[in-house]
1. Looking at this structure, is LEU27 outside any loop (DSSP other than H, G, I, E, B), in contact with a Ser or Thr (Cβ under 9 Å, 6 or more places away or on another chain) and loosely packed, with under 14 Cβ neighbours inside 10 Å?
2. With the structure loaded, tell me whether TYR85 is surrounded by 17 or more Cβ atoms within 10 Å (Cβ to Cβ) and either out of contact with any strand residue (DSSP E or B) (no Cβ under 6 Å at 6 or more places or on another chain) or not polar (S, T, N, Q) (or both) or whether it fails that test.
3. Check region 32-53 and report whether any residue there is modelled with pLDDT under 90 and polar (S, T, N, Q).
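The values are calculated or read from the model by the stated rules, or taken from the named source; none is laboratory data. Every value quoted in this text rests on a predicted model; they were computed, and no experiment measured them. All Cβ positions, glycine included, derive from the backbone under ideal geometry; neighbour counts span all protein chains shown.
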Amino acid sequence: MQQPRKRVPSPNANLVIAALLGIPGLLNIYSGIVRQIPGDILSGLAALVYAVLLVRDAVHIKKTGVPAIPQARMLLIGFGCLAVYLAGILIKHMA
């Protein structure tokens, strides 16, 4: 009997999600610097950090076939970035 194939995240999906997070993240950082709004900078950094992690993971999957970071840890990092992003949004709307 054959062993079931291990599920690995798609590197192409990771790159698409990274682009969807990274481009608005860069725009938020730029607008935060121009308008001097720390909430924009914080939310942009959170999105950009997670986008960079997704790109790193996608490159590692393409090279080796396995993710660089285990899925459970990537999920925790994602929730951490989401919390920082939401804190940035809160700061932005309170100012």
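1. No.
2. The answer is yes for TYR85.
3. no
Here is a yes/no grid of residues against (1) in contact with a helix residue (DSSP H, G or I) (Cβ under 6 Å, 6 or more places away or on another chain); (2) part of a loop (DSSP other than H, G, I, E, B); (3) of a type in the set (Ser, Thr, Tyr); (4) within 16 Å of ASN12 (Cα to Cα):
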site	(1), (2), (3), (4)
GLY39	yes, no, no, no
SER43	yes, no, yes, no
ALA58	yes, no, no, yes
LYS63	no, no, no, yes
